[in-house]
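Quick notes on the structure that follows.
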Amino acid sequence: MAETIDVEVVYATPERQEVIGLSLPEGSTAGQAIEASGLLAKHSEIDLAKNKLGIYAKLAKADTALRDRDRVEIYRPLIADPKEVRKQRAAEGKAMKKGSGEGE
Amino acid sequence: MLEAILVMAFGALVLGAALGYAAVRFRVEGDPLVEKIDAILPQTQCGQCGFPGCKPYAQAIAKGEADINCCPPGGEEGIHKLADLLGREFKSLSAEHGVEKPKAVAVIDEQVCIGCTLCIQACPVDAIVGAAKQMHTVVSAQCTGCELCVAPCPVDCIHMEPIEETVDTWKWKYPVVPIRQVA
């Protein structure tokens, strides 16, 4: 039990989702975890200046210290523009559910 | 007379102490029956049985509070296994809890996803990767096919895709051999 933490690094595309388990020294940061995961070498499309990071669905910075069992996630940008999608749905007369401002 | 009472009392004391010691020494952590039932349940955590997850349902079955035919993802096969384990009679899946469907995983339409995180909050097994205004993606290997993420999506961009039977996904079916009268 020498101070190590178990974390996962995830990069997901629709075709292939990579979940890489790592054992890192305590106090490691999200950036170090991604470095150690080797995902950057495997996926050249990841640009840490553009792809945002997070821990369990919450955006985080690369220098965020990790806790045991954290899951570092590398995100991809949206394709759709949320405003446009909502406009379209409104025009088509489809009701927006929760999360759209107006209720059902 | 007095002797007899003393002998019996002494016997009771010794046996009581032995039982008390054994109860402490050989204490069983958790309920082994619950573990066995939980191992049969499909671990979709879908809540269709009316319990918050597979483990709570297993506990309810073990206590006798729930029937064994309330798990649609487990299907007939699961009910057969539970019936075997518990020595109960097999009964077909109760209709009020849903119907058995082929195994499926959730797939997000990337052209439509607006990054609202509602599906992530709904996912009982953290199988969706994404954050606010970032693309959401389902990790297929972790998706249990519970369909809980489908309803919350405000733009209906999640659909279920059945898993094809391949060498990797094929499973040995529970052998159901009809009992025949032998002359």
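Give me a single rounded figure for A:72-79: the average over its residues of other chain Cβ atoms within 10 Å of their Cβ.
Values: counts 0, 6, 2, 10, 7, 4, 11, 7.
Neighbouring Cβ atoms belonging to other protein chains average 6 per residue here.
Looking at chain B, which longest stretch skips every one of the GluC sites (Glu not before Pro) that is in a DSSP loop with at most 12 other Cβ atoms within 10 Å, leaving the sites themselves out? Could you put the intermediate results ahead of the total?
Working: sites that count: B:GLU29, B:GLU65, B:GLU89, B:GLU164, B:GLU165.
The longest such stretch corresponds to B:90-163.
When the trypsin sites (Lys or Arg not before Pro) in region B:23-65 are filtered for DSSP coil states and for at most 13 other beta-carbon atoms within 10 Å of their beta-carbon, the remaining sites are B:ARG27.
Mean residue ellipticity, 222 nm, helices only, the protein assembly as shown: the sum of -39500 (n - 2.57) across DSSP H runs of n ≥ 4, divided by residue count and rounded to 500, is -8500 deg cm²/dmol.
Ranked by the mean number of other Cβ atoms within 10 Å of their residues, highest first, the peptides B:41-49, B:80-88 fall in the order B:41-49, B:80-88.
What part of the accessible area of chain A, given as a whole %, is carbon or sulfur when the probe is 1.4 angstrom? Please report the intermediate quantities before stating the final value.
Numbers: 3300 of 6590 Å².
Answer for chain A: carbon and sulfur cover 50 percent of the accessible area.
Distances between placed amide hydrogens fall under 5 Å for A:ILE55 paired with A:ALA60, A:GLU73, all partners being 5 or more residues away or on another chain.
Under 15 Å Cα to Cα from B:LYS103, which aspartates and glutamates show up? Leave out anything in the same chain fewer than 8 places away. Straight-distance partners of B:LYS103: B:GLU76, B:GLU77, B:GLU147, B:GLU161, B:GLU164, B:GLU165, B:ASP168.
Using a Förster distance of 51 Å, how high is the FRET efficiency between A:ARG69 and B:ALA12, based on the Cβ-Cβ distance and rounded to 0.05?
On the way: r = 51 Å, r/R0 = 1.00.
In this case the efficiency is close to 0.50.
Only residues of region B:52-84 count here: report those whose backbone N is under 20 Å from the spot 7 Å along Cα→Cβ of B:ALA95, or say none. Zone members listed by number: B:67-77, B:79. Under the combined filter of DSSP loop state and at most 12 neighbouring Cβ atoms within 10 Å, region B:90-177 retains these trypsin sites (Lys or Arg not before Pro): B:LYS91, B:LYS171, B:LYS173. Around the Cα centre of the protein assembly as shown, unit charges on the Cβ atoms of Lys, Arg, Asp and Glu (plus for the first two, minus for the last two) sum to a dipole of about 340 debye. Ordered from longest to shortest, the equivalent ellipsoid semi-axes for the protein assembly as shown are 47, 30, 19 Å, each the square root of 5 times a Cα gyration tensor eigenvalue. Pairs of Cα atoms nearer than 8 Å and 6+ residues apart set the relative contact order; for chain B it is 17 percent. Under the criterion of Cα pairs below 8 Å and six or more residues apart, the relative contact order for chain A equals 27 percent. Distance from the Cα centroid of region A:15-85 to that of region B:113-183 is 23 Å (rounded to whole angstrom).
Output the pairs from B:LYS91/B:LYS171; A:LYS94/B:LYS171; A:LYS42/B:LYS173; B:LYS63/B:LYS91 with a Cα-Cα distance over 30 Å in this structure; if there are none, say none.
Details: B:LYS91/B:LYS171 23 Å; A:LYS94/B:LYS171 41 Å; A:LYS42/B:LYS173 38 Å; B:LYS63/B:LYS91 18 Å.
Over 30 Å Cα-Cα: A:LYS94/B:LYS171; A:LYS42/B:LYS173.
The values are calculated or read from the model by the stated rules, or taken from the named source; none is laboratory data. Since we're looking at a predicted model, the values are computed, not measured. Heads up, the Cβs are rebuilt from the backbone with ideal geometry, glycines too, and the neighbour counts pull from every protein chain shown. Side chains included, ligands, DNA and RNA excluded: accessible areas come from the protein's heavy atoms. Shrake-Rupley method; radii C 1.70, N 1.55, O 1.52, S 1.80 Å.
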